[in-house]
Amino acid sequence: MNFFVLARQSPEACITRLESILTPWMEQIQHDQHSQLTFRVVEALQEVSIAVLADKLFCSKRTIERSFRRVTGLTLKQYQAMTKLELMLEYLYQKQAWQIDWVDIAFQFGFSDQPHLIRYLKQQIGTTPNKYLLERGFTIDIYGSVSSS
(Lines give C-alpha, C1' and ligand atoms only; values in the text may rest on other atoms or scores of the structure.)
Protein backbone atom coordinates (compact mmCIF):
# COMPACT_ATOMS: atom_id res chain seq x y z
CA MET A 1 0.00 0.00 0.00
CA ASN A 2 1.17 3.53 -0.80
CA PHE A 3 2.47 5.37 2.29
CA PHE A 4 0.44 8.48 1.45
CA VAL A 5 -2.78 6.45 1.30
CA LEU A 6 -1.85 4.62 4.51
CA ALA A 7 -1.05 7.92 6.25
CA ARG A 8 -4.47 9.32 5.36
CA GLN A 9 -6.31 6.17 6.43
CA SER A 10 -4.33 5.45 9.58
CA PRO A 11 -1.43 7.70 10.62
CA GLU A 12 -0.53 5.31 13.45
CA ALA A 13 -0.31 2.34 11.08
CA CYS A 14 1.85 4.39 8.73
CA ILE A 15 4.23 5.31 11.57
CA THR A 16 4.45 1.67 12.69
CA ARG A 17 5.16 0.54 9.12
CA LEU A 18 7.86 3.18 8.60
CA GLU A 19 9.48 2.33 11.93
CA SER A 20 9.59 -1.36 11.02
CA ILE A 21 11.35 -0.50 7.76
CA LEU A 22 13.70 2.19 9.03
CA THR A 23 14.70 0.93 12.50
CA PRO A 24 16.95 -1.94 11.31
CA TRP A 25 18.62 0.41 8.85
CA MET A 26 19.11 3.14 11.46
CA GLU A 27 20.63 0.68 13.95
CA GLN A 28 23.42 -0.10 11.46
CA ILE A 29 24.55 3.51 11.03
CA GLN A 30 28.16 4.18 11.94
CA HIS A 31 28.71 7.70 13.24
CA ASP A 32 31.96 9.20 12.01
CA GLN A 33 33.66 12.34 13.31
CA HIS A 34 31.61 14.53 10.96
CA SER A 35 28.24 13.23 12.09
CA GLN A 36 29.29 13.44 15.74
CA LEU A 37 30.32 17.07 15.28
CA THR A 38 27.06 17.77 13.43
CA PHE A 39 25.03 16.39 16.35
CA ARG A 40 26.94 18.71 18.68
CA VAL A 41 26.38 21.67 16.32
CA VAL A 42 22.62 21.09 16.17
CA GLU A 43 22.49 20.89 19.97
CA ALA A 44 24.65 24.00 20.43
CA LEU A 45 22.68 26.08 17.91
CA GLN A 46 19.72 25.96 20.29
CA GLU A 47 21.75 27.98 22.78
CA VAL A 48 24.27 30.06 20.84
CA SER A 49 24.64 31.87 17.51
CA ILE A 50 26.73 30.66 14.61
CA ALA A 51 29.28 33.36 15.43
CA VAL A 52 30.23 31.79 18.80
CA LEU A 53 29.77 28.17 17.77
CA ALA A 54 33.47 27.50 17.13
CA ASP A 55 34.47 28.70 20.60
CA LYS A 56 31.78 26.59 22.25
CA LEU A 57 32.75 23.43 20.34
CA PHE A 58 36.53 24.02 20.45
CA CYS A 59 37.14 23.75 16.72
CA SER A 60 37.40 26.12 13.78
CA LYS A 61 34.37 27.62 12.11
CA ARG A 62 35.57 26.18 8.80
CA THR A 63 35.75 22.63 10.24
CA ILE A 64 32.23 23.02 11.59
CA GLU A 65 30.93 24.30 8.26
CA ARG A 66 32.60 21.51 6.24
CA SER A 67 31.42 18.72 8.55
CA PHE A 68 27.89 20.10 8.80
CA ARG A 69 27.54 20.45 5.03
CA ARG A 70 29.02 16.99 4.46
CA VAL A 71 26.48 15.36 6.78
CA THR A 72 23.36 17.44 6.07
CA GLY A 73 23.94 18.90 2.62
CA LEU A 74 23.07 22.30 4.12
CA THR A 75 25.04 25.31 5.22
CA LEU A 76 24.70 26.46 8.82
CA LYS A 77 22.74 29.50 7.64
CA GLN A 78 20.33 27.34 5.63
CA TYR A 79 19.77 25.07 8.63
CA GLN A 80 19.24 28.02 10.94
CA ALA A 81 16.77 29.62 8.50
CA MET A 82 14.84 26.35 8.14
CA THR A 83 14.71 25.92 11.91
CA LYS A 84 13.49 29.48 12.41
CA LEU A 85 10.81 29.03 9.75
CA GLU A 86 9.68 25.72 11.24
CA LEU A 87 9.42 27.19 14.75
CA MET A 88 7.55 30.22 13.47
CA LEU A 89 5.05 28.21 11.42
CA GLU A 90 4.50 25.85 14.34
CA TYR A 91 3.89 28.84 16.62
CA LEU A 92 1.46 30.40 14.12
CA TYR A 93 -0.34 27.10 13.59
CA GLN A 94 -1.15 26.92 17.30
CA LYS A 95 -2.68 30.41 17.37
CA GLN A 96 -6.02 31.68 16.18
CA ALA A 97 -5.83 34.49 13.58
CA TRP A 98 -7.12 37.07 16.08
CA GLN A 99 -4.34 36.15 18.55
CA ILE A 100 -1.53 36.95 16.12
CA ASP A 101 0.31 40.26 16.34
CA TRP A 102 2.78 40.38 13.45
CA VAL A 103 4.93 43.05 15.11
CA ASP A 104 5.39 40.90 18.22
CA ILE A 105 6.11 37.82 16.11
CA ALA A 106 8.68 39.73 14.07
CA PHE A 107 10.63 40.68 17.18
CA GLN A 108 10.14 37.29 18.86
CA PHE A 109 11.74 35.52 15.89
CA GLY A 110 14.58 37.99 15.38
CA PHE A 111 13.34 40.17 12.55
CA SER A 112 14.10 43.90 12.57
CA ASP A 113 10.45 44.83 11.93
CA GLN A 114 7.13 43.58 10.56
CA PRO A 115 7.90 44.34 6.87
CA HIS A 116 11.12 42.32 7.20
CA LEU A 117 9.11 39.35 8.51
CA ILE A 118 6.53 39.68 5.74
CA ARG A 119 9.21 39.79 3.02
CA TYR A 120 10.90 36.75 4.58
CA LEU A 121 7.67 34.72 4.69
CA LYS A 122 6.75 35.67 1.13
CA GLN A 123 10.18 34.54 -0.02
CA GLN A 124 10.18 31.29 1.99
CA ILE A 125 6.59 30.08 1.63
CA GLY A 126 5.51 31.98 -1.45
CA THR A 127 2.53 33.70 0.12
CA THR A 128 1.66 36.49 2.48
CA PRO A 129 1.33 35.82 6.21
CA ASN A 130 -2.42 36.48 6.17
CA LYS A 131 -2.95 34.08 3.27
CA TYR A 132 -0.91 31.49 5.18
CA LEU A 133 -3.25 31.91 8.16
CA LEU A 134 -6.22 31.12 5.93
CA GLU A 135 -4.63 28.00 4.41
CA ARG A 136 -2.27 26.65 7.10
CA GLY A 137 -1.64 23.55 5.02
CA PHE A 138 2.06 23.77 4.29
CA THR A 139 4.63 21.01 4.32
CA ILE A 140 8.33 21.86 4.50
CA ASP A 141 10.72 19.17 3.34
CA ILE A 142 14.23 18.70 4.68
CA TYR A 143 15.71 20.91 1.95
CA GLY A 144 13.40 23.82 2.67
CA SER A 145 10.96 23.38 -0.21
CA VAL A 146 7.43 24.40 0.67
CA SER A 147 4.26 22.91 -0.75
CA SER A 148 0.65 23.36 0.18
CA SER A 149 -1.55 20.37 0.87
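The values are calculated or read from the model by the stated rules, or taken from the named source; none is laboratory data. What you see is a predicted model; the values in this text were computed from it and never measured. Methodologically, a virtual Cβ is constructed for each residue, glycine included, from the backbone with ideal geometry; neighbour enumeration extends over all protein chains shown.
Collect the residues in the stretch 34-49 that are touching a Leu at 6+ places or on another chain (Cβ under 9 Å) and under 12 Å from Thr63 (Cα atoms), keeping them in residue-number order.
Leu37, Val41
Find all pairs meeting these conditions: Cβ atoms under 6 angstrom apart; at least six residues apart or on different chains; first residue within the stretch 110-133 and aromatic (Phe, Trp, Tyr); second residue in a helix (DSSP H, G or I) and crowded, with 18+ Cβ neighbours inside 10 Å.
Pairs that qualify, where the first residue is aromatic (Phe, Trp, Tyr) and the partner is in a helix (DSSP H, G or I) and crowded, with 18+ Cβ neighbours inside 10 Å, are Phe111/Leu117.
Do you know which of the residues in the stretch 74-100 that are surrounded by 12 or more Cβ atoms within 10 Å (Cβ to Cβ) and assigned to a loop (DSSP other than H, G, I, E, B) is modelled with the lowest pLDDT?
The qualifying residue modelled with the lowest pLDDT is Lys95.
Is it the case that Glu47 is free of Cβ contacts under 8 Å to residues at least 12 places away in the same chain and surrounded by 12 or more Cβ atoms within 10 Å (Cβ to Cβ)?
The answer is no for Glu47.
If you scan the stretch 13-38, which residues turn out to be of a type in the set (Asp, Glu) and either assigned to a loop (DSSP other than H, G, I, E, B) or at pLDDT below 85 (or both)?
Glu27, Asp32
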